[in-house]
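Below is one structure, written out as structure tokens; the observations come after it.
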Amino acid sequence: MTLGQSVKSVLRGIVPPLVWDIARQLAHKNRIYRSWEAAAVAAGTYDDLLVNQFRAARHSEVIDLSDNALAWLIEFIPGPSSIVDFGGATGEVGTALLATGADISCTVVENSTLVEQMRGRGGLRFTSDIPPSCDIFFTSGTLQFLPDPYAALEQGFASAKRAVVLKRNNFSEREVFRVHRSALFENGRGAIPPGFENRVISYPTRTVAESRVRQIAELHGFRLVARTHETDGVACPEDGVYGAQLVFLRR
């Protein structure tokens, strides 16, 4: 055994597994992959059973909507509104909007694992498919975790009769593929539920071209009416990645 191997063996014996795992993962933090498929091989998946069980158990109905365009949009658009929250996790946004007394219905589109975990909860509809029609299509912090975000946007804009809101995006005209890593307990909101052990989880991630998003919107008859710079959820700004909340209304 070499000196280096000996030191590593001693460290493994005294350093908690999670810390060791984080250190190992951080060593690859800035790696850029040649494609989505290559990043996916190096990462886990977003529909991992443990991750979704944890998210469902940690579900919290307390969420701040002060920086969410939906909060003022549902007041601006008269009458009842059907909202699709694409990638809406356990439905915190929809639950918070319903708590305001707004005349809305909300459908959360998520992976099938989480849909099963959330079935019958909270007055929201959970499904794995984007409905063919809605008044407002909303998505937050999701597009960058899709192999083809533009296909999802095509469906979203086609389904929306009134408005589309895109929040917490990772925009860049340069296509960059990475692996996003975080501790399990950094996911979701609310108190940490019992029975779970913290560990590092990972997903493939990519950048999204804002110019292409606007082209899709234009093709579906939408115009951009509001654009707000965001920093929350932006990964690797050193690569020129930036965030922005975009609000589109049908012409």
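The values are calculated or read from the model by the stated rules, or taken from the named source; none is laboratory data. The structure presented is a predicted model; accordingly, all values stated were derived computationally and were not measured. When we count neighbours, we look across all protein chains shown, and the Cβ atoms used for this are built from the backbone with ideal geometry, even at glycine. The protein model used for the area step is the full one, side chains on, heavy atoms only, and it has no ligands, DNA or RNA in it. Shrake-Rupley method; radii C 1.70, N 1.55, O 1.52, S 1.80 Å.
Residues checked against (1) within 18 Å of L146 (Cβ to Cβ); (2) surrounded by fewer than 18 Cβ atoms within 10 Å (Cβ to Cβ):
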site	(1), (2)
V179	yes, no
L184	no, no
R189	no, yes
E197	no, yes
V200	no, no
Y203	yes, no
A209	yes, yes
Q215	yes, yes
E218	no, yes
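Taking the stretch 66-94 as the range and being in contact with a strand residue (DSSP E or B) (Cβ under 8 Å, 6 or more places away or on another chain), surrounded by 15 or more Cβ atoms within 10 Å (Cβ to Cβ) and free of Cβ contacts under 8 Å to residues at least 60 places away in the same chain as the test, the residues that pass are S82, I83, D85, G87, G88, G91, V93, G94. Within the stretch 139-166, residues that are closer than 11 Å to D85 by Cα have Cβ atoms under 8 Å from residues that are acidic (D, E) in these pairs: T139/D85; S140/D85, counting only partners at least 6 apart in sequence or on another chain.
Cβ-Cβ distances below 6 Å connect the following pairs, each with a first residue in the stretch 41-65 that is farther than 16 Å from I201 by Cβ, a second residue that is charged (D, E, K, R) and open to solvent by less than 50 Å² (accessible area, probe 1.4 Å), and a separation of six or more residues or different chains: I63/E92. Inspect the stretch 146-156 for any residue being at pLDDT 95 or above and either among the β-branched types (V, I, T) or assigned to a strand (DSSP E or B) (or both) and give the result as yes or no. Looking through the stretch 146-156, none of the residues is at pLDDT 95 or above and either among the β-branched types (V, I, T) or assigned to a strand (DSSP E or B) (or both).
Here L146 meets each of (1) over 14 Å from the mean Cα position of the chain (by Cα); (2) within 23 Å of D48 (Cβ to Cβ) with one exception, condition (1). Does F171 satisfy being more than 25 Å from A38 (Cα to Cα) and surrounded by fewer than 24 Cβ atoms within 10 Å (Cβ to Cβ)? It is false that F171 is more than 25 Å from A38 (Cα to Cα) and surrounded by fewer than 24 Cβ atoms within 10 Å (Cβ to Cβ). Cβ-Cβ distances below 9 Å connect the following pairs, each with a first residue in the stretch 191-208 that is assigned to a loop (DSSP other than H, G, I, E, B), a second residue that is basic (K, R), and a separation of six or more residues or different chains: A191/R58; I192/R58; P193/R58; F196/R58; T207/R174; T207/R178.
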